[in-house]
Amino acid sequence: KLPPIDGDFYDLSLKLSDEQRELQLEVRQFMEKEVKPIANKYWNKAEFPFEIIPKMAELNICGMAYKGIGSRDESFLMEGIVAMELARIDVSISTFFGVHSGLAMGSIYLCGSDSQKEEWLPKMQKMELIGAFGLTEPDVGSAVAGGLGTTCRQEGDEWVLNGQKKWIGNATFADVTVIWARDEETNRVKGFLVRKGNPGFKAEKMEDKMALRTVQNALIMLTDCRIPESDRLQKCDSFKDTAKVLKMTRAAVAWQAVGCSRGAYESALKYTKKREQFGRPIAAFQLIQNHLVEMVANLTAMQTLCFRLSEMQDQGIMTDEHASLAKVFCSMRTRDVVSRAREVMGGNGILLEYDVARFVADAEAIYSYEGTKEINSLIVGRAITGYSAFVS
Ligand code: FAD
């Protein structure tokens, strides 16, 4: 009988320092103890487990890669590994965290003035305040770079925002939502910190999602929403600055795909060893082993690629196309892994209580958000051919 092998086949975790390894295991323990028992219930109800936020805050993992804000590790590598550990149990919780710690805090970290950083980042780092990130609109998804319909107009010391945003995670309850809008006068994109309770800001929960049901995504209406100049992100001058935030967070989305695959693979492996048919565990059948090996091969390739990507990010040499290639590859491979996991579980593969059905659904969201598979492919295609295929 061979010893069980979990989802890190080439022992990449051995490359971590003792402190980093300890952090990884602490996050894993938190997810297994606090989130795993409730994940399916909240997913099914499409509600968010607010009670986990203070416990998650104790891990001190927000804004991991931002220098000098008090996180316990300051590397993109650990940011990625944390994203993987969260997604390994629940991709919704990983997404909630990614929107808050990556997109919202990252916007303030990269585009905020010193006083904006001082006001928001320490409290967001402790999860006393939660953030959201509003870029996508009902009519503009992939083409946000040149096509934002939400506008901003300066009136004295204030800005007036009008428009709609769609899919905005955490926005039904966030204390601050970063809103990206096109300046009516200059046509350039600006970023704004919209505080909870602003009378011009309305966030309606999007119902009947079939993936990431625990994440509270909102349709936002901005109606003559007035924002003081002091809440405009002072270091954002154009969409290029928004893109810097997306580039920084995209690697963590690739790691989320690894986590989703790993969760599905580990559940499937356990199941196949326990489930008996024809007098033997189904894990003993060649065709089942083939599925398991394909899963572990994909998973190992994804992890190795993400590990190197994060090392490059930490060295300051990661480009857009490096991050996009990882997002493309990992979101494609994840679809393959979760569908094999579902397959080896037979009928139970579509029951929520066995977890894999949730991973199958959630893999579809990873496939589309933070740049669809096609858009990220075009970023890589442009880099390797020299031709931009975004427009004909
Ligand atoms: P579209 O842009 O309409 O694309 C439709 C299809 O056309 C896709 O297959 C796309 O790849 C393809 N396509 C488009 N252009 C091209 C082209 N030039 N060449 C080839 N194919 C093309 N946004 C936020 O701002 N904040 C959030 O918190 C947030 N959270 C999200 C959570 C979830 C669960 C989801 C599903 C989305 C979220 N999004 C969020 C939005 C997400 O980023 C968009 O869904 C994504 O950018 C794609 O936009 P779209 O859905 O409008 O698709």
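Values quoted throughout were computed directly from the atomic coordinates according to the rules given, and no laboratory measurement underlies them. Just so you know, these numbers come straight off a predicted model, no measurement behind them. Cβ: placed from backbone, ideal geometry, glycine included. Neighbour counts: every protein chain shown.
Note on Phe50 and Lys36: the extension gain reaches 3.6 nm, defined as 0.36 nm multiplied by sequence separation minus the Cα-Cα distance.
Candidates Asn298, Met312, Phe48 compared by Cα position along the dipole of the chain: farthest toward the positive end lies Asn298, with charges placed on Cβ. Compute the distance from the alpha-carbon center of segment 109-136 to that of segment 346-386, in whole Å. Using only Cα atoms to place each centre, the spacing works out to 28 Å. Note that segment 293-392 shows a convex hull volume over its alpha carbon atoms of 117 Å³ per residue. In units of the compact-protein estimate 2.2 N^0.38 Å, segment 298-341 shows a Cα radius of gyration of 1.23. Taking the Cα centre of segment 317-381 as reference, the dipole from Cβ charges on Lys and Arg (+1) and Asp and Glu (-1) amounts to some 160 debye.
Here the label points at Leu12 and Glu204, each 7 Å from Cα along the C-beta direction, are separated by 4.2 nm in the simple model. FRET efficiency for the Ala145 to Met332 pair, using the beta carbon distance and R₀ = 25 Å, is estimated at 0.60.
Taking label positions 7 Å along the Cα-Cβ direction at both Ala383 and Gln29, the computed distance is 3.8 nm, reported to one decimal.
Give me Rg/Rg_expected for segment 6-85, where Rg uses Cα atoms only and Rg_expected = 2.2 N^0.38 Å with N residues. Please report the intermediate quantities before stating the final value.
Values: Rg = 14.0 Å, N = 80, 2.2 N^0.38 = 11.6 Å.
Compactness ratio reported: 1.20.
Restricting the calculation to Cα atoms, segment 71-211 yields a radius of gyration followed by a Dmax of 15.8, 49 Å. First measure r as the distance between the Cβ atoms of Leu352 and Arg280, then evaluate 1/(1 + (r/R0)^6) with R0 = 30 Å and state the FRET efficiency to the nearest 0.05. My answer for the efficiency is 0.65. Taking Leu309, Leu14, Leu121 in turn, the Gaussian network model of the chain (Cα-Cα springs below 10 Å) assigns the largest fluctuation to Leu14.
In plain terms, if you count all Cα to Cα distances in segment 236-374 and split them into 5 Å steps from zero, the share in each step is 2, 11, 19, 18, 16, 12, 9, 6, 4, 2, 1, 0, 0, 0 percent. Comparing Cα centroids, segment 227-276 and segment 147-172 end up 24 angstrom apart.
Over all directions, the projected convex hull of the C-alpha atoms in segment 151-230 averages 5.4 nm² in area. For segment 1-141, the alpha carbon convex hull comes to 156 Å³ per residue, rounded to a whole number.
Of the residues Gly70, Leu378, Met248, the one whose Cα sits farthest towards the positive end of the charge dipole of the chain is Leu378 (charges of +1 on Lys and Arg Cβ, -1 on Asp and Glu Cβ, taken about the Cα centre).
With distances taken between every two different alpha-carbon atoms, segment 205-312 has a Kirkwood hydrodynamic radius of 18.5 Å.
Judged by the gyration tensor of its Cα atoms, with axes a ≥ b ≥ c, segment 116-164 is oblate; a/c meets the 1.5 cut and b/c is at least as large as a/b. Ranked by how many other Cβ atoms sit within 10 Å of their own Cβ, fewest first, the residues His291, His100 fall in the order His291, His100. Dipole orientation for segment 119-217: of the candidates Gly200, Leu135, Gly169, Gly169 has the Cα lying most toward the positive pole (charges on Cβ; Lys, Arg +1; Asp, Glu -1).
Only the Cβ atoms of Lys and Arg (+1) and of Asp and Glu (-1) were treated as charged; on that basis the dipole of the chain about its Cα centre amounts to roughly 1000 debye. Here the Karplus relation 6.51 cos²θ - 1.76 cosθ + 1.60, evaluated at θ = phi - 60°, turns the backbone of segment 104-115 into coupling constants of 6, 5, x, 5, 6, 4, 8, 10, x, 6, 4, 6 Hz, with x for every Gly and Pro.
The slack between Gln289 and Ser230, meaning 0.36 nm per residue of separation minus the straight C-alpha distance, is 15.3 nm.
Given +1 at the Cβ of Lys and Arg, -1 at the Cβ of Asp and Glu and no other charges, the dipole of segment 277-392 around its Cα centre is 280 debye to the nearest 20. Eigen-decomposition of the gyration tensor built on the alpha-carbon atoms of the chain gives equivalent ellipsoid semi-axes of 37, 21, 21 angstrom, largest listed first.
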